[in-house]
Amino acid sequence: MTDLEYMRCALYEAQRAASEKEIPVGAVLVYQDTLIAASHNRRENENDPTAHAEVRVLQEAARKLDRWRLTDCTLYVTIEPCPMCAGAILNARISRLVYGADDPKAGAVRSLFHILNSSALNHRVSVRSGLLEKECRLLMQSFFTKRR
């Protein structure tokens with residue numbers, strides 16, 4: 001599969017989140033061209049502040065691969081990760097991140113912070129942004145318009 005196809009899987013997860021009245025963020029993790037884990041935000045339904053799509057996917061992938069170092073994995077996320085998720089991505093040693101839309105209010109990859117490529121840290125993540133950006137952004141905007 002291609003980056004575009006994997007991002008469509010993440011977008012599907014984000015749509016699932018919206019249908020569950022969760023902030024519509026979806027994520028999938030790929031290892032050796034195989035989708036290993038897929039999830040979406042579940043903070044509201046699980047009453048868990050850490051139940052972000054990215055964290056849930058990292059946890060599931062670590063269990064399936066039976067290791068915490070997720071090197072040689074690519075994480076696809078619909079929205080730019082927040083500081084907590086960027087930290088988890090670094091700690092998991094993810095090699096590559098692909099995300100859809102920037103998050104000007106909480107983005108920790110390039111909008112507010114540059115955590116994944118900080119020279120102060122010992123790991124760097126290759127980043128591709130803007131894939132299916134319009135669809136990812138519109139899903140988020142639609143969710144918040146309905147909520148208000």
Just the accessible area per residue of the chain, please: how many Å² with a 1.4 Å probe?
-> 52
Roughly to the nearest percent, how much of the accessible area of the chain is carbon and sulfur, given a 1.4 Å probe?
-> 49
Work the Kirkwood hydrodynamic radius out for the chain: mean of 1/r over every pair of different alpha-carbon atoms, inverted, in Å.
-> 14.9
Can you give the extra length, in nm with one decimal, that the chain gains between R96 and D48 once fully stretched, where that is 0.36 nm per residue apart less the Cα-Cα distance?
-> 14.7 nm
Please report, in Å, the Rg and the Dmax of segment 69-148, where both are computed over Cα atoms only.
-> 13.1, 42
Cross-link partners of K21 among lysines (Cα-Cα below 17 Å; sequence separation of 8 or more within a chain) | K146
Hz values of 3J(HN,Hα) by residue in segment 95-104 - Karplus curve (6.51, -1.76, 1.60), Gly and Pro given as x | 7, 8, 10, 10, 9, x, 10, 5, 10, x
Expressed as a whole number of Å, what is the distance separating the alpha-carbon centroids of segment 115-148 and segment 42-108?
-> 11
May I ask you to evaluate 6.51 cos²θ - 1.76 cosθ + 1.60, the Karplus curve with θ = phi - 60°, for each residue of segment 134-148 and list the ³J(HN,Hα) values in order in whole Hz, giving x for glycine and proline?
-> 4, 4, 5, 5, 5, 4, 5, 4, 4, 4, 6, 5, 5, 6, 7
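The values are calculated or read from the model by the stated rules, or taken from the named source; none is laboratory data. The shown structure was predicted, so the numbers you read here are calculated from the model rather than taken from an experiment. Just the protein is used for accessible areas: all its heavy atoms, side chains included, with ligands, DNA and RNA removed. Shrake-Rupley method; radii C 1.70, N 1.55, O 1.52, S 1.80 Å.
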